[in-house]
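Below you'll find the structure, written out as structure tokens, and then a few comments.
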Amino acid sequence: MSITGTTAPLGVPRGLAGVVVTDTALGDVRGREGFYHYRQYSAVELAQSSGFEDVWHLMFHGRLPDAAERAAFMAHTASLRRLPDDVRDALPAIARSGAPSGPLAGLRTALSLLGASAGLRPVYDLDGDRRTADALAACAAVPTLLTALYRLGQGLEPVEPRDDLPCAANYLYMLTGSEPEPARARAVEQYLISTVDHGFNASTFTARVVASTGADMAACLVAAVGALSGPLHGGAPSRALDTLDAIGTPDRIEPWIRERVLAGDRIMGFGHPVYRTEDPRSRMLRGIAESFGGPLVEFAVEVEQRVEAILAELKPGRELHTNVEFYAGVVMELCGLPREMFTPTFCAARVVGWSANILEQAADSKIIRPAARYVGPPPPQPVPHM
């Protein structure tokens, strides 16, 4: 008998691979088709044709905004970007203590403080409007927190957000202190849109597990950030770019890749646990990178082609293509983002997807409580007397 009920526990694959744990109206990933969507729209088409706030509105409210709704939503979310005084005053200490680990580690502490400062209550105790208000405030604050923590870590003063810039442009402005060129702002916006949500990945599932307990919005998001901080989840964009640096020149591609594949090493930026075709995000980001052009892009495309050919030769029958991280690193490098901010930038987008999932989960008060199969020494055994 299961400890959680009257039915016997079910055996499932390691990592819950392919196990359906709930219903969602937020989107899905069709790995064999190379397709993913937000609600009823292709995520890639949204990234190509919409603004970040449009997709944010879609994820929270279930529809794309009309012109009046867009203007109101952009004005409202922009008004939420500034931090409370007590949170802003604490950021230098958070940045100093978290300097070796970077802005993402500091974000965990800063988000907890933001939640406490705002008096966020458990989502279990709130109605839908209040939950949404808390989620909007948290999502709007995360880019401000991340850029402030980065700048403080570099010995620079934080840059206050501007209400007149869209989300992506404001993010780059707070990061660099200068208003970005439109092409770079749009490239980063498209990257942000493409990473808002992506099925029940580790961080999204973590957020939903915590939300199922009825915890407050900040607690749910801190848990998600903790999951994202693992190198197997959110750390790959800068590592993929490090791979290009390590290869260095075209003549080193072949020996460098062969040596690592034969040694069983993972090639960062290639392969995905869901996609068995080309990652649609990678395809879109490659196009963005190619629109900028230059030696880095040319080298990245050559590395991609050679790596795929070598992997096809050495690992026949396996579909191993570039994933989102490979060209994400290239695009962010071209747009002037420091590598320490690659994963935090991913987080600045994914917080919207996490929050939408938290809101959906909070509408169902059933706590997530799976079982485990015990494989230790058979009990009960006598307790030894010391």
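The values are calculated or read from the model by the stated rules, or taken from the named source; none is laboratory data. All values reported here derive from a predicted model rather than from experimental measurement. Every residue, glycine among them, receives a Cβ derived from its backbone with ideal geometry; neighbour counts consider all protein chains shown. Please note that ligands, DNA and RNA were not included when accessible areas were found on the heavy atoms of the full protein model with its side chains. Shrake-Rupley method; radii C 1.70, N 1.55, O 1.52, S 1.80 Å.
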Completion exercise
With the convex hull built on the alpha-carbon atoms of the range 166-258, volume per residue in Å³ sits at 155
Exercise for the section: Calculate, axis by axis, the spread of Cα positions in the range 128-197 along the three principal axes, and write the results as whole Å, longest axis first. Expected result: 39, 27, 23
Handout entry: Helical mean residue ellipticity (222 nm; -39500 (n - 2.57) per DSSP H run of 4+; nearest 500) of the chain
Key = -18000 deg cm²/dmol
Exercise for the section: Identify which of the listed values of Rg and Dmax of the Cα atoms in Å was calculated from the structure shown: (1) 22.0, 75; (2) 23.4, 85; (3) 21.0, 65. Expected result: (1)
Practice task
With no solvent and one equal point scatterer placed on each C-alpha of the range 1-132, evaluate the Debye formula and give log10 I(q)/I(0) for q = 0.14, 0.15, 0.19, 0.21 Å⁻¹, two decimals.
Solution key: -1.06, -1.12, -1.17, -1.18
Completion exercise
The simple spin-label model distance between Asp265 and Ser117, using points 7 Å out along Cα→Cβ, in nm, is 4.3
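Can you give me the Kirkwood hydrodynamic radius for the range 12-90, using every pair of distinct Cα atoms, in Å to one decimal?
Kirkwood hydrodynamic radius for the range 12-90: 15.4 Å.
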Completion exercise
With label points set 7 Å from each Cα along the Cα-to-Cβ direction at Asp125 and Met386, the distance between them in nm comes to 4.1
Fill in the blank from the handout: Given a 1.4 Å probe, the accessible area of the chain per residue, as a whole number of Å², is 47
Fill in the blank from the handout: Within the range 23-128, DSSP-loop GluC sites (Glu not before Pro) with at most 15 other C-beta atoms within 10 Å are Glu33
Problem - Protein accessible area in the chain, 1.4 Å probe - carbon and sulfur % - result: 54
Exercise for the section: Pull out the extension gain between Glu278 and Ala372, defined as 0.36 nm times the separation in residues minus the alpha carbon to alpha carbon distance; nm, one decimal. Expected result: 30.4 nm
Handout entry: Amide hydrogen neighbours beyond the local backbone of Phe35, cut-off 5 Å, H modeled
Key = Arg30
Problem - Of the DSSP H helices in the chain, those whose Cα atoms cover at least 20 Å axially and whose Kyte score averages -0.5 or more - result: 103-118, 128-153, 295-314, 342-362
Fill in the blank from the handout: Computed from the beta carbon distance with a Förster radius of 22 Å, FRET efficiency for Glu160 and Arg96 to the nearest 0.05 stands at 0.60
